[in-house]
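Colleague: Here you go, one structure.
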Amino acid sequence: MIKAYILVQTEVGSSAQVTAAINEIPGVVSADSVAGPYDVVAVVEAPTVSELGREVISQVQAIPRITRTTTCTVVDL
């Protein structure tokens, strides 16, 4: 499985709504509202990098009130 963290910035006052929407997406392991430069941090997984992008990340990016995302793919060292 390919695992990644998605760091999400949202419009002011919408982090709870965005967190709930992210948690509904298949492939999302967890999503939490956080304090700091990002508003939501999501842990996501998929069998391949292609599926991660196509089936998970693209759905997260399509959620209304998200202003920016940064995806950090986990690498095995």
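Every read-out reported here was derived from the displayed coordinates using simple, explicitly stated rules and does not represent laboratory data. All values reported here derive from a predicted model rather than from experimental measurement. In this analysis, Cβ positions are derived from the backbone assuming ideal geometry, glycine residues included, and neighbour counts consider all displayed protein chains.
Colleague: Using +1 at the C-beta of Lys and Arg and -1 at the C-beta of Asp and Glu, which of Gly53, Pro37, Ile25 has the Cα lying farthest in the positive direction of the dipole of the chain?
Modeller: Pro37
Colleague: Continuing with the same structure: Per DSSP H run of n ≥ 4, the term is -39500 (n - 2.57); total these for the chain, divide by its residue number, and report the mean residue ellipticity at 222 nm rounded to 500 deg cm²/dmol.
Modeller: Dividing the helical sum by the residues of the chain leaves -4000 deg cm²/dmol.
Colleague: As an exercise, identify the GluC sites (Glu not before Pro) in the stretch 1-60 lying in DSSP coil whose Cβ has no more than 15 other Cβ atoms within 10 Å.
Modeller: Qualifying residues, ordered by number: Glu11, Glu24.
Colleague: Taking 4 °C and 1.567 mPa s as the conditions, I'd like the Stokes-Einstein D for the chain in µm²/s, using the Kirkwood hydrodynamic radius from alpha carbon pairs.
Modeller: D, rounded to a whole number, is 106 µm²/s.
Colleague: While we're on this one: For Gln9 and Thr48, FRET efficiency with R0 = 35 Å and r from the beta-carbon atoms, rounded to 0.05?
Modeller: With R0 = 35 Å, the Cβ-Cβ based efficiency is 0.85.
Colleague: Rounded to the nearest 0.05, what FRET efficiency do Thr73 and Ala16 have when you use their Cβ-Cβ distance and R0 = 22 Å?
Modeller: The formula returns an efficiency of 0.25 here.
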